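These notes are about the structure you will find just below.
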Amino acid sequence: MNNHFDHLPVLSRGRHRNPKRGACFMELASYLAGERWSDHPACTHPLLAALARLVNDNTDDENRAKLVPLVPSIIGLVSDDLRVDAHIALRCATTALPVAAAERQLALAVSVLAAEEMLARLDGAPSGRMSERSRQAMAEVPHAAQQARRFSRAARITEKGFRRYAAPNAVQLAVVGIVQACIPDPDGLLRKLLEETIEECTALIRPSRPQPTTLIDLPARTPAHA
């Protein structure tokens, strides 16, 4: 057990005025980064930070403690490249789409198509290009996929609109879809989504640097409050 980290704030839901009252995932990141105490620190891409806050707030107390080792890996992941937003939105939408309730599948399928279209546009690739991950996710919900394709033909989102609205909506929809899904371990899937998104952002933003394996070794602590 590493007693070096006993002084760290305990993860809990929502915003906190100071570390003595606890911390959300991004407040702890601001603390470790040496920034002013905030749940919107400058050390992390805004959309990735939004995902981290949503996962933090929608995970129960016992499982939230398991998020702590991920916090250092999110520090320094900053980029203005819209591809990062698109990859985050796509990772979230494709993770949630196969498990989400039927009433959420159309919106998530539209999010998949919007993110793929934005990536194709940014890469100068033909419209309609789709990754294998997206094809597999869409294949699991054929009715929603068909409806989404009809809808998407009539909609062409701007880069500004994608960053400000479509990408954040995809992240929000995905987390809610996972939380409300009829699956055995939604908290585990949320944690996996955050882990994989951090790994993907690391590869995009710092491609020449090796990705960390073990981040910090903290004693298991259950948050004192939600």
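Where a number appears in this text, it was derived from the coordinates with a stated rule and is not lab data. Given the structure is predicted, the values throughout are model-derived calculations rather than measurements. All Cβ positions, even for glycine, are placed from backbone atoms using ideal geometry, and neighbour counts span all protein chains on display.
For the reader, a short list of remarks on this structure follows.
- Across the stretch 6-159, Cα pairs under 8 Å and at least six residues apart give a relative contact order of 17 percent.
- Look at the Cα gyration tensor of the stretch 17-104: its axes a ≥ b ≥ c give a/c of at least 1.5 with a/b at or below b/c, and that counts as oblate.
- Across the stretch 67-122, the mean sequence separation of Cα contacts (distance under 8 Å, 6 or more residues apart), normalised by length, yields a relative contact order of 41 percent.
- Annotation: peptides 121-127, 108-114, ranked by per-residue average of other Cβ atoms within 10 Å with the highest first, follow the order 108-114, 121-127.
- Gyration tensor (alpha-carbon) shape descriptor, the stretch 61-194, a/c threshold 1.5: oblate
- Among residues other than Leu106 with Cβ under 13 Å from its Cβ, the summed charge is +2 (Lys and Arg +1, Asp and Glu -1).
- Anisotropy class of the stretch 104-156 from Cα gyration tensor, a/c 1.5 cut: oblate
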